[in-house]
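Accompanying notes for the structure given below.
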Amino acid sequence: MSNEQTAIRTTYFSIIGNASLALIKGLAGFFGNSYALIADAIESTTDIFSSLLVLFGLKYAKKPADENHPYGHGKIEPLVTFVVVAFLVTSATIIAYESILHIQTPHKTPESWTLYILGAIILWKEISYQIVIRKSKQTHSSSLKADAWHHRSDAITSVMAFIGISIAIIFGKGYETADDWAALLASAFILYNSYLIFRPALGEIMDEHQYDDLILEIRKTSLEVNGVLGTEKCFIRKSGMKYHVDLHAIVDGSISVEEGHWIAHNLKDHLRKEIPNLGHVLIHIEPNEYSDRNL
């Protein structure tokens, strides 16, 4: 299965999971007198729409390169990530606003059985996070990483709700708003996670230098090709799940242009074979400063 197919299948998993949990949380929050659970349901609902956006982005990024997009359509991924972050920020703002309103309004203590619901939700969301974040690393998908953090932020809000409801139940009268304060605190965690998702996606759009490990792998793999004496400049930019490379390869300065041409082709083919997530590879040939002519 290709990286693209893996990412798309993982997104379907997120959509189904979020839809089921949004319904469970909403019903439990309504009948269990817990706004923290209702806030949780609001976030899960926004997660459904953000996962649908991720799905759209992944399918669009899968389109092959064409005349107008010679490097493919992968840049749609960080753009979708920005929209996903906007959903996160919006849901955090709504949760914070509603929490403040509920803190100021007297209401009943949450039902104790809601804790069992929350315990199961926390476990499921953390498992979901681990599954999706592992797939995002496997496929090198920034939008899938954002989707994974949706699961983690959902788990955080559920943990906050669990703590708040527990306090309200244990301490009784006068602590009915504990779960509202928990929801307010959870909104701050969501905002912080939003930044953690946004920053790498911005770097991807701006072609920032942030792939040192891959550069080291490229340099090491290049030396396996006959005729390559070393490497000089190596620039990488990410587009979707692919990494496009500009590499300066050092060869013997006394060889012919034709020989240099074939070394460049062999190097390109070898790199793309050994490092499958590479996209376009542009090789620039540099003569060795210490070739025979300089001795």
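The values are calculated or read from the model by the stated rules, or taken from the named source; none is laboratory data. Note that the coordinates shown come from a computational prediction; the quantities given were computed from them, not determined experimentally. For neighbour counting, all protein chains shown are included, and Cβ atoms are generated from backbone atoms with ideal geometry for every residue, glycine included. All accessible areas refer to the heavy atoms of the entire protein, side chains included, with ligands and DNA or RNA removed. Shrake-Rupley method; radii C 1.70, N 1.55, O 1.52, S 1.80 Å.
If you go through the range 155-178 one residue at a time, how many are in a helix (DSSP H, G or I) and free of Cβ contacts under 8 Å to residues at least 24 places away in the same chain? Can you show your working first?
Step one: filter the range 155-178 for residues in a helix (DSSP H, G or I), giving 155-171, 178.
After this cut, where a residue has to be free of Cβ contacts under 8 Å to residues at least 24 places away in the same chain as well, the list is 163, 167, 170-171, 178.
Adding up the residues that qualify gives 5.
Just the residues that are modelled with pLDDT under 85 and open to solvent by 10 Å² or more (accessible area, probe 1.4 Å), please, taken from the range 102-136.
Once the filter is applied, which keeps residues that are modelled with pLDDT under 85 and open to solvent by 10 Å² or more (accessible area, probe 1.4 Å), the range 102-136 yields 102, 103, 104, 105, 106, 107, 108, 109, 111, 112.
Considering only residues that are within 22 Å of residue 147 (Cβ to Cβ), of a type outside the set (A, V, I, L, M, F, W, C) and in contact with a helix residue (DSSP H, G or I) (Cβ under 7 Å, 6 or more places away or on another chain), which ones fall in the range 201-231?
Scanning the range 201-231 gives 204, 210.
Would you pick out the residues in the range 47-70 that are surrounded by 23 or more Cβ atoms within 10 Å (Cβ to Cβ) and either over 20 Å from the mean Cα position of the chain (by Cα) or free of Cβ contacts under 8 Å to residues at least 24 places away in the same chain (or both)?
Hits for the range 47-70: nothing passes.
Going residue by residue through the range 257-270, is there one that turns out to be among the polar types (S, T, N, Q) and either free of Cβ contacts under 8 Å to residues at least 40 places away in the same chain or touching a Ser or Thr at 6+ places or on another chain (Cβ under 8 Å) (or both)? Explain how you work it out, then say what you get.
Taking the range 257-270 first, the residues among the polar types (S, T, N, Q) are 266.
Checking the rest, the ones that are also either free of Cβ contacts under 8 Å to residues at least 40 places away in the same chain or touching a Ser or Thr at 6+ places or on another chain (Cβ under 8 Å) (or both) come to none.
No, that holds for no residue.
Looking at the structure I just gave you, is residue 139 of a type in the set (S, T, N, Q), crowded, with 18+ Cβ neighbours inside 10 Å and under 13 Å from the mean Cα position of the chain (by Cα)?
Against the criterion (of a type in the set (S, T, N, Q), crowded, with 18+ Cβ neighbours inside 10 Å and under 13 Å from the mean Cα position of the chain (by Cα)), residue 139 qualifies.
Which residue is nearest to residue 147 (Cα to Cα), if the candidates are limited to the range 1-30 and must be open to solvent by 60 Å² or more (accessible area, probe 1.4 Å) and modelled with pLDDT under 85?
5
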